[in-house]
1. Do we have VAL208 as away from the ligand (no atom under 11 Å from the Cβ) and either without any contact (Cβ under 8 Å) to a residue 60 or more places away in the chain or under 20 Å from ALA118 (Cβ atoms) (or both) here?
2. Looking at segment 83-99 only, could you name the residues that are surrounded by fewer than 19 Cβ atoms within 10 Å (Cβ to Cβ) and within 11 Å of the ligand (Cβ to nearest atom)?
3. Inside segment 118-230, counting only strands (runs of 3 or more DSSP E) that do not spill past its ends, which hold 3 or more residues that are more than 19 Å from GLY91 (Cα to Cα)?
4. Being without any contact (Cβ under 8 Å) to a residue 60 or more places away in the chain, over 27 Å from ALA221 (Cβ atoms) and aliphatic (A, V, I, L, M) is the requirement here; does LEU141 meet it?
5. One residue is enough: does segment 222-242 have a residue meeting the conditions near the ligand (Cβ under 9 Å from one of its atoms) and surrounded by fewer than 16 Cβ atoms within 10 Å (Cβ to Cβ)?
6. Could you check segment 126-143 and list, in sequence order, the residues that are among the aliphatic types (A, V, I, L, M) and near the ligand (Cβ under 7 Å from one of its atoms)?
7. Looking at SER186, SER157, which one is at pLDDT below 95 and touching a strand residue (DSSP E or B) at 6+ places or on another chain (Cβ under 9 Å)?
8. Could you tell me whether LEU170 is within 9 Å of the chain's Cα centre (by Cα), within 14 Å of ILE194 (Cβ to Cβ) and not charged (D, E, K, R)?
Amino acid sequence: MGRFMGSLPRKARSASQSAHRPLTLSTKTPLCFAFFEAFVVPCFAMRCPIHSFTPVLLTALMLTACKPASETRATAPPLPPEVQAAALERGKAIAGQAFALLSTNLARAIGEGGVTNALAYCSERAYPLTALVADTNQVRLQRLTHRPRNPSNEVRSAELGILREFQLELGRGGQPGPVVRAGADSTVVFYSPIVLTSPLCLQCHGAVGTDIQPATAALLATLYPQDQATGFKLGDLRGLWRIEMPARRGTEP
Ligand code: HEC
């Protein structure tokens, strides 16, 4: 699948990526999160005097509306510990391979022609490189984010909760670790945080004008007119690895 998808044009890739089936959560879950973030959180945060009771009412409404989703989650069979452990181990190894491959190629492209050259290179090659790792390991591998550069990497709302958990943990000064969830059709899904730890990343994802040079910013504007992936600082969560694989126990094939 990976090699095949790697040769698809960007639009087709995005369509095939979004063909992903949601996991065990009902479609109400994302709506509930969106609702909570859009109405309840701002009212609380601003201590809004007009709507002082609104958050309470909205929360009660939201809890009612969300009930079917949490019921769906509660009835999802728990993963056997050995399946969970095998997926964690495999996921970490595959994410490590993909990260190493991307980093090596990025460093080489910068060495050969500077950041703008690397930017063009990443734009062309980031997807085929991750697809190659996916293909080799027979898994579905994605880098997803709340602030996408490439719109086909935008995290789906059903999985935004996992990203937010990573973010909260980072905000508490902790180090979020990978998690595994049950997937559809006897699959498991591994998620691990992508945190910006290298100043190198800021040359294309940091502050425009300071970390990002004008020539890079100009090329970004041309290649990604809807780019949301700038303004990050070291230690920020950039996104997550999502790896969907068949559920296995230990080393069974
Ligand atoms: C030379 C510029 C450049 C550098 C340096 C760079 N990136 Fe990126 N990054 C890109 C481009 C271009 C894309 C979009 C690739 C695509 O279209 O698939 C991207 C996409 C991503 C994505 C996928 C999500 C999205 O927004 O599309 C992640 C995650 C990411 N980069 C993390 C990093 C990390 C971590 C580092 C440092 C190790 C880094 N990047 C360094 C240019 C760069």
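The values are calculated or read from the model by the stated rules, or taken from the named source; none is laboratory data. It should be emphasised that the depicted structure is a prediction, and the values quoted were computed from it without experimental measurement. For neighbour counting, all protein chains shown are included, and Cβ atoms are generated from backbone atoms with ideal geometry for every residue, glycine included.
1. Details: away from the ligand (no atom under 11 Å from the Cβ): yes; either without any contact (Cβ under 8 Å) to a residue 60 or more places away in the chain or under 20 Å from ALA118 (Cβ atoms) (or both): yes.
Yes; evaluated as a whole, the condition is true for this residue.
2. Residue satisfying the conditions is PHE99 alone.
3. Details: elements: 140-144, 179-182, 187-195.
Because the criterion is at least 3 residues that are more than 19 Å from GLY91 (Cα to Cα), no strands (runs of 3 or more DSSP E) in segment 118-230 meet it.
4. Details: without any contact (Cβ under 8 Å) to a residue 60 or more places away in the chain: no; over 27 Å from ALA221 (Cβ atoms): yes; aliphatic (A, V, I, L, M): yes.
So LEU141 fails the test.
5. Yes, that holds for at least one residue.
6. Taking segment 126-143 and keeping what is among the aliphatic types (A, V, I, L, M), we get 126, 129, 131-134, 139, 141.
Matches in segment 126-143: ALA126 only.
7. On the way: SER157 fails: touching a strand residue (DSSP E or B) at 6+ places or on another chain (Cβ under 9 Å).
Being at pLDDT below 95 and touching a strand residue (DSSP E or B) at 6+ places or on another chain (Cβ under 9 Å) holds for just one of SER186, SER157, which is SER186.
8. On the way: within 9 Å of the chain's Cα centre (by Cα): no; within 14 Å of ILE194 (Cβ to Cβ): yes; not charged (D, E, K, R): yes.
Judged against the criteria, LEU170 is not a match.
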